Amino acid sequence: MVHFVGAGPGAVDLITVRGQELLRSADVVIYAGSLVNPELLQMTKPNCRIFNSARMTLDEVLDEMKKAESEGLVTVRLHTGDMSLYGAIREQMDALDELGIAYDDTPGVSSFCGAASALNAEYTLPNVSQTVIITRKAGRTPVPEREGIPSLAQHGSTMVLFLSSGMIPALQEDLLQGAYTEDTPAAIVYKATWPDEKTVRCTVGTLADEAAKAGITKTALVLVGDFLAGDYEKSRLYDPSFTTEFRKAKENK
Ligand code: SAH
């Protein structure tokens, strides 16, 4: 059996309880060494076989899974954040299907949630934006043309950019081709929830300069949108004049 487990964004205590239990019981752990906090590995059993997938090909990862399976061992495949985002799990799962090896999936806290908590931010403010676009700038992995940042930026919604902090000057150009302006609030969150987390609040117009000043070129998310500004409308859910399934509106006195 192979358990895919989301490790969370960085802080060791942000793995789920279920993920932690699986990690404790694993005979083999294959972890994404580039971003998973290695301290998590201290939870494993003393004789656990541990592999860093950052140094392995897909076939090498699958070989270790196959070997473990043939010995009747339990494997945990530990991915950063939540593996449904940029996790490259599909190709592993398809291969496991072909090999007839069973697997399941335990979600993790994605770094985009970690970044919001680093800023005490709410992505979906009433009257500001009710939509979060999660995307990346094309790099070595291409992005379908209809999903280019200039096109997605037309919406002016909240936007979270993964895998793009090495190309911030070009990213800034792209963002300015849509509905965002030089003054639209933006933020860069480096290593959200890690002990060396860094947050930079700026605007779309100063993104490149501020990233350079802070020396941030990787392991960061770029957040864009008016949710980072002061103005919003209070949620109707807690409005005294609003009736919900659970609460009657209070009469105006
Ligand atoms: N599945 C992961 C994302 C993997 S892609 C998740 O859910 O978070 C790797 C990219 O995620 C990095 O290039 C960076 O943009 C972002 N990232 C991962 N961990 C991060 C963290 N702690 N702080 C900021 N960005 C992070």
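Which is touching a residue at least 12 places away in the same chain (Cβ under 8 Å) and away from the ligand (no atom under 11 Å from the Cβ), of ALA170, ALA192?
The conditions single out ALA170.
How many of the residues in the stretch 15-33 are touching a helix residue (DSSP H, G or I) at 6+ places or on another chain (Cβ under 7 Å), assigned to a loop (DSSP other than H, G, I, E, B) and within 19 Å of GLU64 (Cα to Cα)?
Residues that pass the stated criteria total 3.
So LYS234 clears everything in (1) surrounded by 14 or more Cβ atoms within 10 Å (Cβ to Cβ); (2) modelled with pLDDT under 95 except one condition, right? Which one?
(1)
Is it fair to say LEU175 is assigned to a helix (DSSP H, G or I), touching a residue at least 12 places away in the same chain (Cβ under 8 Å), under 24 Å from VAL36 (Cα atoms) and over 17 Å from the mean Cα position of the chain (by Cα)?
Considered against the rule, which asks whether it is assigned to a helix (DSSP H, G or I), touching a residue at least 12 places away in the same chain (Cβ under 8 Å), under 24 Å from VAL36 (Cα atoms) and over 17 Å from the mean Cα position of the chain (by Cα), LEU175 comes out as no.
Based on this model, can you work out whether THR193 counts as part of a strand (DSSP E or B) and either touching a helix residue (DSSP H, G or I) at 6+ places or on another chain (Cβ under 7 Å) or at positive phi (or both)?
no
If you scan the stretch 90-140, which residues turn out to be assigned to a loop (DSSP other than H, G, I, E, B), within 13 Å of the ligand (Cβ to nearest atom) and surrounded by fewer than 19 Cβ atoms within 10 Å (Cβ to Cβ)?
If the condition is that a residue be assigned to a loop (DSSP other than H, G, I, E, B), within 13 Å of the ligand (Cβ to nearest atom) and surrounded by fewer than 19 Cβ atoms within 10 Å (Cβ to Cβ), then PRO107, LEU119, GLY139, ARG140 are the ones that fit.
I'd like to know if the stretch 179-186 contains one or more residues that are assigned to a helix (DSSP H, G or I) and surrounded by fewer than 16 Cβ atoms within 10 Å (Cβ to Cβ).
no
Name the single residue that is farthest from the ligand (Cβ to nearest atom) among those in the stretch 216-249 being charged (D, E, K, R) and within 25 Å of the chain's Cα centre (by Cα).
Restricting to residues being charged (D, E, K, R) and within 25 Å of the chain's Cα centre (by Cα), the top hit is ASP226.
The values are calculated or read from the model by the stated rules, or taken from the named source; none is laboratory data. No experiment lies behind these values; they were computed from the predicted model shown. Every residue, glycine as well, gets a Cβ built from its backbone with ideal geometry; the counts of neighbours run over all protein chains shown.
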